[in-house]
1. For labels at residue 485 and residue 461 in the simple 7 Å Cα→Cβ model, what's the distance in nm?
2. Would you compute, from DSSP H runs of 4+ residues alone, the mean residue ellipticity of the chain at 222 nm, taking -39500 (n - 2.57) per run and dividing by the full residue count, rounded to the nearest 500?
3. Roughly how many nanometres apart are two label points built 7 Å out from the Cα toward the Cβ at residue 144 and residue 362?
4. Which ³J(HN,Hα) values in Hz, rounded to whole numbers, follow from the phi angles of the range 299-309 under the Karplus curve 6.51 cos²θ - 1.76 cosθ + 1.60, where θ = phi - 60° and Gly and Pro get x?
5. Please give the FRET efficiency for residue 193 paired with residue 441, using the beta carbon to beta carbon distance and R0 = 25 Å, rounded to the nearest 0.05.
6. Compute the distribution of all C-alpha to C-alpha distances in the chain, in bins of 20 Å from 0, and list the percent of pairs in each, rounded to whole numbers.
7. Rg (Å, one decimal) plus Dmax (Å, integer) for the alpha carbons of the range 298-368?
8. Using all alpha carbons of the range 286-499, what is the percent of pairwise distances in each 10 Å bin, ordered from the shortest bin to the longest?
Amino acid sequence: MRRKTWMMSVLAVLMVMAMVAACAPAVEDDPDPDPEEDPEEEPEPVDPEDPTELRMGLAADATNLDPRLATDVYSANINNLVYAGLLVWDDETLEIEPYVAEEIEIPDDTTYIFHLHEGIKFHDGEELTAEDVKYTYDTFRDPDFGARNIAFYEPIDEIVVVDDYTVEFQMEEPNAPFLYYLAPGIIPKHYAEEHGDEHLQTEPMGAGPYVFKEWVPNDRIVLEAHDDFFEGRPDIDDIIFRPIPEVSTKLIELETGGVHVIDGIPPEEVERLREEPEVEVTLRPGTGVNYYSYHHGEEPFDDVRMRQAFAYGMDMEAKVDHVWYGIRDVAYSPIIPTSWAHNPDVRRFGHEPERAEELMEEAGYGDGLTIDFKHSEGEVTREHVEIAQHQLADIGMDLDVHEQEWGAHYDDILEGRFEAYTMGWSGQTDPDRGVYRQFHSRNWAPEGANRQLYSNERVDELLDAARTTTDQDVREGKYHEVQEILADEQSYTYISYYVTKAAHRPELQNYEGRCGYFYTLPLKDATLVE
């Protein structure tokens, strides 16, 4: 068997380099200060004998600390630090890189052999081995386990432990995006078997840079540095994650030093905060999109005309410009513009209220109707929903709006307790990640992430074909057609493409806010100074 180096294997076999621009800086650095001004004093390093405590203010609490079950960004914020995966997405380029796997061989397009670092320790001191890798991905693809992302791992035919530090994945057929799905944290087999899988949802234990210490729901999650982390102990001793849903409160906490980092700032505050000496702002193109969606299995949105009427009823350009102050662009597709598979030529629904009323009349709702609409807490979300509510009322579609705490909202959506809702997807790398889970009919919720119960045989066929060829030109054509069909059928009505608006205090150094799922990854290399 001929061994290939890591990067050559990825380049030659999968051709996945086109996403490198997804998190490129969106804003130029501020110009150099006036040379006549006195330079600011450099902050004093923290005494290593004094424990450092980093406080994070995030929009919502986690929902599940088992990386096989969690699919929300708030849980990923924690899991990225507690666990270590076979591979990792570089938080700048989104390229896949080795992590627990030291080297990979790809002898043919259905075989992947991973050689693990020796001596990696879980937080209880036990060594991470190939048995843990096999256990993790066997449970991922076990229908009885209930992993939300099971669709990513269905193409695996068999996982073979070659020796303690070598594990082989045999695929049923080629799968172009497969390596992108090997970032979730490795589960310690002995810990899961001793305590049971449910225990890991609230008491996680991995091999990442930080050790789980405490979770007080809707109050705090506390992590502490892993002394035996295989890449070296982090400089910051403790990290406290605080859910702060109200953005105004979160801003006050940041500016007064109550927290060091927040995960989002109001668009109208961006310019002001960039002038604040105690705040550093990062703007970067995001890796996702927010949207409205509908329950396709029930009236009225089982009728495509009603979904199209919803889209025609809103002035999305005006709304996005008003809510995000020109920072974001209106979205029209699930595959983000920085992706090589993005189709800019799909059908777009402008503000055409008369056409919306015609479609409602054709669908049998000419006299108007009330829609049960759900969204999570948050000032920006609340604002764009209120605008939608006002605009749709003009066409006779009244939204009965229910604002929910994130965990309750997420649970309702997964269980299908909605007529329409708003949410978002982040963490897009390979285009498969932006469409396969969400729109393939085999991925219906609650087991899968097709929460709206969308089904289209042609879309299924295209999605299957696009992931089983490594020819990027062929994949691009299939994803373009998928986007055209989805635009016509309005399974989602898209709002805007994400821009990461992160802010932190200057005493947190060697850190920049990243995109969505990758928000906390740089903390393992960050430092705190006085």
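1. It works out to 0.8 nm between the two label points.
2. -7500 deg cm²/dmol
3. Label-label distance for residue 144 and residue 362, simple model: 4.9 nm.
4. 5, x, 8, 6, 9, 4, 5, 6, 5, 5, 4
5. 0.15
6. Once binned at 20 Å, the Cα pair distances of the chain give 22, 55, 22, 1.
7. Calculated on Cα positions, Rg and Dmax stand at 14.5, 44 Å.
8. Here the calculated profile for the range 286-499 is 9, 35, 38, 16, 2, 0.
Read the figures in this text as sums done on the coordinates, not as results from a lab. All figures in this text were calculated on a predicted structure; none of them were measured in a lab. So basically every Cβ, Gly included, is an ideal-geometry build from the backbone, and we count neighbours across all protein chains shown.
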